[in-house]
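Step one of this worksheet: look at the structure below.
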Amino acid sequence: MILFRSKRYRYDIFKKQQERLRLLNRNISVMKIKAKSILLKLTKFHERVSIILERMKRLGASESEIEYLNKTIRTIVTLQVLMENIVSKFEVVREINEAILVLAPVIGVLDKIRDLVKSDMILNVITKEVDELKKIIYTTLVLVSGYTSVTIEYYARSSDVEKILQEAKCIAAERLKKYFDST
């Protein structure tokens with residue numbers, strides 16, 4: 001009788017683990033869709049701001065206005081690289097144990113993105129979507145991994161966040177150099 005009980009117990013644990021893994025995979029699919037939606041909006045913003053910049057240069061706009069648009073373009077390109085990086089992070093997660101190590105730093109990166117976007121007049125439209133993506137990731141981590149909010153916040157403030165930001169800034173600088181050389 002005891003052996004039967006332990007087999008059933010192991011089966012229950014295995015069943016719960018499978019359910020968590022299904023939940024993780026489903027939520028990662030939702031996260032990818034949300035992140036790609038943000039990336040698409042950033043691409044459209046980039047195109048629109050580039051057109052506005054060209055028109056303003058032709059019409060003889062002031063240097064401060066042109067510099068503001070150039071700064072906005074730099075921010076957009078940096079955000080595009082960060083969102084591409086986040087989407088690639090979603091591709092990596094295959095197991096529940098990897099979720100906290102990969103997804104928690106993404107929460108920290110989304111906090112930084114939110115700070116960048118919130119201070120810009122043009123890009124503050126994306127703030128709501130960034131918050132929704134952050135909420136999905138946070139909820140997934142709590143439900144799937146069973147970690148507490150303190151553990152998630154600890155990993156969200158790890159050195160991985162700074163590493164991701166530095167990589168994105170380097171890639172964005174290269175893209176901007178190509179962009180401004182072509183215009």
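The table below gives the values:
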{"item": "The stretch 85-117, residues that are of a type in the set (D, E, K, R) and either touching a Phe, Trp or Tyr at 6+ places or on another chain (Cβ under 9 Å) or over 17 Å from GLU132 (Cα atoms) (or both)", "result": "LYS89, GLU91, ARG94, GLU95, GLU98"}
{"item": "Of all residues in the stretch 128-150 being polar (S, T, N, Q) and surrounded by 16 or more Cβ atoms within 10 Å (Cβ to Cβ), the one that is farthest from SER37 (Cα to Cα)", "result": "SER145"}
{"item": "Any hit, the stretch 47-60, residues being under 30 Å from THR140 (Cβ atoms) and either hydroxyl-bearing (Ser, Thr, Tyr) or at pLDDT below 80 (or both)", "result": "no"}
{"item": "Pairs where the first residue, in the stretch 131-156, is in contact (Cβ under 8 Å) with a residue 60 or more places away in the chain and within 17 Å of GLU19 (Cβ to Cβ) and the second is polar (S, T, N, Q) and part of a helix (DSSP H, G or I), C-beta under 6 Å, 6+ apart", "result": "THR140/ASN27"}
{"item": "Those helices (runs of 4 or more DSSP H) lying entirely in the stretch 80-160 with at least 3 residues basic (Lys, Arg)", "result": "96-118, 127-140"}
{"item": "Failed item in (1) touching a residue at least 12 places away in the same chain (Cβ under 8 Å); (2) farther than 24 Å from ARG114 by Cα; (3) of a type in the set (A, V, I, L, M), with VAL81 passing the rest", "result": "(2)"}
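The values are calculated or read from the model by the stated rules, or taken from the named source; none is laboratory data. Keep in mind it's a predicted model, so treat the numbers as computed, not measured. Methodologically, a virtual Cβ is constructed for each residue, glycine included, from the backbone with ideal geometry; neighbour enumeration extends over all protein chains shown.
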